[in-house]
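Enquirer: Here's a structure for you.
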Amino acid sequence: MMGLADVDMAYMGDRFQYYTDSMVLTMKGEDIVLERILTIFAAIDMSSNKFEGTIPETVGNLISLQVLNFSHNHLTGHIPSSLGNLVALESLDLSCNKLVGEIPSELAGLNFLEVLNLSENQLVGLIPQGKQFNTFLNDSYAGNIGLCGFPVSKSCSRSEPPPEIFEEEEVDSAFGLDWKFVMMGYGCGMVFGFSAGYIMMTIRKPKWLVGMIQRAGNRVLRRFKKYR
């Protein structure tokens, strides 16, 4: 499993007799009967036992491994980042254990990974993105309430925006508010100005009345300018 370059492709068993090796393998979520086993097929299926302890880092040395199934045991600890070395891996099933911590980002580099099942563990943190990880559905992570990000429905909490951005937004908001008051002030001044002009041109009221209206308009305008 550490290297199959020098292994001849053949079926396992006695080549001079009818009998050949066969087995039932849980692969890619299904039980598959292998009536004949190729010598270049590398798989580990230790599912549905009572194994305890952590997953050894040395599993990452089995670079020719195509199927790895440790599901339905009592494994604890973290998922080894060394599993990212299994470049030929097509199926990884670690479901129904007691694994903790984050999903190693190194797993996102497994280009041939078709099936991933990490459900029913105690994993937390952001789900890695990219390549094959963008194809896995929510079922691959079910039962891990601490996971967040695509494709699960729980979004990861984001840190507060940088102070400079926040202050800039406040400045923009205040600037926009000041301009509202300025425009309102100018608008009121224009109304009073037009009113005064109308009075002078139509009903010919005395100048003292026109002056009083203008002074009132100016007071309102100064009041609004204080908010700048």
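Enquirer: Filter region 71-88 for residues that are over 24 Å from the mean Cα position of the chain (by Cα) and closer than 14 Å to LEU118 by Cα; which is surrounded by the most Cβ atoms within 10 Å (Cβ to Cβ)?
Expert: Ranking the candidates gives SER71 first.
Residue-by-condition table, conditions (1) surrounded by fewer than 15 Cβ atoms within 10 Å (Cβ to Cβ); (2) part of a loop (DSSP other than H, G, I, E, B); (3) at pLDDT 95 or above; (4) touching a helix residue (DSSP H, G or I) at 6+ places or on another chain (Cβ under 8 Å):
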site: SER119; (1), (2), (3), (4): no, yes, yes, yes
site: VAL124; (1), (2), (3), (4): yes, no, yes, no
site: GLN129; (1), (2), (3), (4): yes, yes, no, yes
site: ASN134; (1), (2), (3), (4): yes, no, no, no
site: SER153; (1), (2), (3), (4): yes, yes, no, yes
site: SER157; (1), (2), (3), (4): yes, yes, no, no
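Enquirer: Also, quick follow-up: Among the residues in region 91-104, are any touching a Lys or Arg at 6+ places or on another chain (Cβ under 8 Å), charged (D, E, K, R) and under 22 Å from ILE32 (Cβ atoms)?
Expert: There is no residue in region 91-104 that is touching a Lys or Arg at 6+ places or on another chain (Cβ under 8 Å), charged (D, E, K, R) and under 22 Å from ILE32 (Cβ atoms).
The values are calculated or read from the model by the stated rules, or taken from the named source; none is laboratory data. Predicted model only: the values in this text are computed from it and were never measured. Every residue, glycine as well, gets a Cβ built from its backbone with ideal geometry; the counts of neighbours run over all protein chains shown.
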